[in-house]
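**Q** Let me begin by handing over the structure; questions about it come next.
The values are calculated or read from the model by the stated rules, or taken from the named source; none is laboratory data. Worth saying up front: this structure is predicted, and the values here are computed from it rather than measured. Backbone-built Cβ (ideal geometry, glycine too); neighbour counts: all protein chains shown.
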Amino acid sequence: MKRDWLAPDGPIARKLTGFELRQQQIEMADAVANAFETGRHVAIEAGTGVGKTFAYLLPAIDVVVSKQQRVVISTHTIALQEQLIDKDIPLLREALGVEFSAELVKGRQNYLSLRRLKNASQRQKSIFPYRESLQALQGIENWAYETDDGSLSDLPVAPPIDVWEKVRSEHNNCLGRRCPTYDMCFYQQARRRAERAQILVVNHALLMADLALRAEGVSVLPDYDRLVIDEAHTLADVATEHFGVRVLNSQAQSLLGALFNSRSGKGLLATLGDDSQRKAVVDAAGEAADYFDALRMWQLDNGRSNGRLTRDCPIENRLSPALRHVATTLTPLKQSLPRLEDQYELGAQIDRAGALAAAVDTLMSRSLEDHVYWIDVEGSRRVALAAAPLDVGPLLKQRLFAATRGVVLTSATLVASNQNDFS
């Protein structure tokens with residue numbers, strides 16, 4: 001890193017009125033630059049007043065400009081991501097007079113699918129049971145003509161989740177280059193921008209998703225050379241949640257309701273399916289309601305106050321077979337549909353049913369070693385069955401620190417709540 005960048009008469013001082021030389025900031029910038037140069041990892045606790053974002057951005061800018069490397073910066077909060085992209089990075093680009101590209105990378109489900117929006121609009125009367133849902137869909141249609149970004153955060157009013165689920169981009173419901181809207185696709189445009197960018201700003205959840213996929217030979221993020229993890233004290237909690245398994249009653253309700261809702265007569269199968277296929281979904285919805293209600297009652301009557309499961313739960317798992325029956329019943333229907341869009345739409349729901357059945361099986365059998373299991377109950381509406389690794393340290397060591405050179409961890413405090421050892 002060029003030391004004169006932070007000098008009292010340097011480019012940043014000339015750009016920022018009242019800029020003061022801070023020795024801690026210089027020392028941190030030197031430590032980050034050394035980590036980038038040597039490929040070693042470094043953890044830096046930087047309290048208020050140190051100026052940590054400039055202290056890691058300057059070495060990052062230096063390596064992307066001088067060595068053509070790509071740097072990923074991961075944070076926990078949206079506020080910090082927006083500060084980096086909208087304020088700090090543009091300010092430093094202008095002050096230093098250097099050219100480089102930076103991009104905020106969001107998860108796929110944050111983006112609108114134009115093809116799915118068109119499909120939902122064509123079928124709106126058969127899939128949306130409420131007037132509010134139809135109004136929200138109309139709002140998304142109007143916004144789709146105006147937005148350049150196409151992401152959920154750009155919407156003036158957040159739509160109901162059941163509406164967004166039917167129009168968002170999804171990996172298992174994507175036609176790729178066969179899609180008639182591929183060239184206009186907001187997600188594909190965002191991917192192309194990320195491929196060209198030299199600095200990528202992401203959140204910890206997306207970073208963890210990328211690590212998990214890289215173990216399977218694919219990725220969410222483009223390959224990168226160096227990594228900065230800000231707000232690093234939250235990383236262990238995010239990793240624990242991401243590498244765990246969780247099933248909620250709302251997941252089953254959303255999945256089965258999207259296929260067919262017996263009370264409203266709405267859903268994908270309202271026009272695509274027959275009575276036997278709709279019956280399989282209705283039966284599974286009944287099993288889901290009974291299963292999660294039984295879980296809730298068992299936890300309230302017999303469970304620990306913290307919800308932890310230390311022995312097998314005696315509730316019979318009739319949900320997984322019901323979900324698999326839905327998948328088996330709907331597969332021939334999917335194969336017989338003439339429209340490719342409908343095949344993918346139904347296929348995505350079939351995949352979800354199978355994945356949900358497998359997750360319930362895993363949790364009920366407690367087959368994951370070195371995991372803690374628990375039931376989470378909030379009133380009568382929310383029930384979750386979950387498992388998480390007892391220690392994510394070995395996972396992060398293998399998938400993150402052993403696979404990436406020059407990782408910088410920084411935060412105002414580096415004491416993680418669960419005291420994981422990543423060394």
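**Q** Of all residues in segment 202-211, which are part of a helix (DSSP H, G or I) and either surrounded by 16 or more Cβ atoms within 10 Å (Cβ to Cβ) or outside the structural domain of Leu80 (by TED's automatic domain parsing) (or both)?
**A** Residues satisfying the conditions are His204, Leu206, Leu207, Met208, Ala209, Asp210, Leu211.
**Q** Check off (1) closer than 26 Å to Ile85 by Cα; (2) in a loop (DSSP other than H, G, I, E, B); (3) modelled with pLDDT under 95 for Thr147 and give me the number that stays unchecked.
**A** (3)
**Q** Scan segment 241-252 residue by residue and report those that are surrounded by 20 or more Cβ atoms within 10 Å (Cβ to Cβ) and assigned to a strand (DSSP E or B).
**A** Scanning segment 241-252 gives a single hit, Val247.
**Q** Based on this model, can you work out whether Leu368 counts as part of a loop (DSSP other than H, G, I, E, B), assigned by TED's automatic domain parsing to the domain that holds Asn249 and farther than 27 Å from Gln277 by Cβ?
**A** Spelling it out, Leu368 is indeed part of a loop (DSSP other than H, G, I, E, B), assigned by TED's automatic domain parsing to the domain that holds Asn249 and farther than 27 Å from Gln277 by Cβ.
**Q** Here is a further query. With out of contact with any Ser or Thr (no Cβ under 9 Å at 6 or more places or on another chain), in contact (Cβ under 8 Å) with a residue 24 or more places away in the chain, more than 22 Å from Tyr56 (Cα to Cα) and among the aliphatic types (A, V, I, L, M) as the only criterion, which of Val157, Val163, Val167, Val220 stands out?
**A** Val220
Residue-wise test of (1) of a type in the set (Ser, Thr, Tyr); (2) under 27 Å from the mean Cα position of the chain (by Cα).
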| residue | (1), (2) |
| --- | --- |
| Ala327 | no, yes |
| Pro332 | no, no |
| Ser336 | yes, no |
| Tyr344 | yes, yes |
| Ala348 | no, yes |
| Leu356 | no, yes |
| Val360 | no, yes |
| Asp376 | no, yes |
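**Q** On to the next question. Being buried (at least 20 other Cβ atoms within 10 Å of the Cβ), at pLDDT below 95 and in contact with a strand residue (DSSP E or B) (Cβ under 7 Å, 6 or more places away or on another chain) narrows it down to one residue among Leu414, Leu395; which is it?
**A** Leu395
**Q** Would you tally the residues in segment 214-237 being closer than 22 Å to Glu170 by Cα and either not in a helix (DSSP H, G or I) or not assigned by TED's automatic domain parsing to the domain that holds Leu396 (or both)?
**A** 9
**Q** Also: Does Arg115 count as within 30 Å of Gln349 (Cβ to Cβ) and surrounded by fewer than 20 Cβ atoms within 10 Å (Cβ to Cβ)?
**A** When the stated conditions are applied, Arg115 does not pass them.
**Q** At least 2 residues that are modelled with pLDDT of 95 or more, polar (S, T, N, Q) and surrounded by 15 or more Cβ atoms within 10 Å (Cβ to Cβ) in each: list the helices (runs of 4 or more DSSP H) lying fully within segment 253-355 that qualify.
**A** 319-336
**Q** Ok, one more. For segment 176-192, state whether one or more residues are surrounded by 21 or more Cβ atoms within 10 Å (Cβ to Cβ), hydroxyl-bearing (Ser, Thr, Tyr) and on the phi < 0 side of the Ramachandran plot.
**A** yes
**Q** Here is a follow-up. Identify the residue in segment 341-370 that is out of contact with any Leu (no Cβ under 7 Å at 6 or more places or on another chain) and hydrophobic (A, V, I, L, M, F, W, C) and, among all such residues, is farthest from Pro314 (Cα to Cα).
**A** Looking at the filtered set, the residue picked out is Ala348.
**Q** Further question on the same structure: Output the number of the condition that Val63 fails; it satisfies all remaining conditions of (1) surrounded by fewer than 17 Cβ atoms within 10 Å (Cβ to Cβ); (2) within 14 Å of Val228 (Cβ to Cβ).
**A** (1)
**Q** Based on what the data block shows, is Gly39 assigned by TED's automatic domain parsing to the domain that holds Asp230 and more than 28 Å from the chain's Cα centre (by Cα)?
**A** No; evaluated as a whole, the condition is false for this residue.
**Q** I would also like to ask the following. Determine, yes or no, whether Ser153 is hydroxyl-bearing (Ser, Thr, Tyr), in contact with a strand residue (DSSP E or B) (Cβ under 6 Å, 6 or more places away or on another chain) and under 24 Å from Arg191 (Cβ atoms).
**A** So Ser153 does not fit the description; no.
**Q** Taking the options Phe100, Phe128, name whichever one is surrounded by 15 or more Cβ atoms within 10 Å (Cβ to Cβ) and at pLDDT below 95.
**A** Just one listed residue meets the conditions, Phe128.
**Q** Now for a separate question. Of all residues in segment 270-288 being in contact (Cβ under 8 Å) with a residue 40 or more places away in the chain and among the hydrophobic types (A, V, I, L, M, F, W, C), which is farthest from Leu385 (Cα to Cα)?
**A** Among residues in segment 270-288 that are in contact (Cβ under 8 Å) with a residue 40 or more places away in the chain and among the hydrophobic types (A, V, I, L, M, F, W, C), the one farthest from Leu385 (Cα to Cα) is Leu272.
**Q** Could you list, ordered by first residue, the pairs with Cβ atoms under 7 Å in which the first is in segment 193-207 and more than 18 Å from Gly244 (Cβ to Cβ) and among the basic types (Lys, Arg) and the second is modelled with pLDDT of 95 or more and in a strand (DSSP E or B), at least 6 apart or interchain?
**A** Hits for this filter: Arg193/Glu103.
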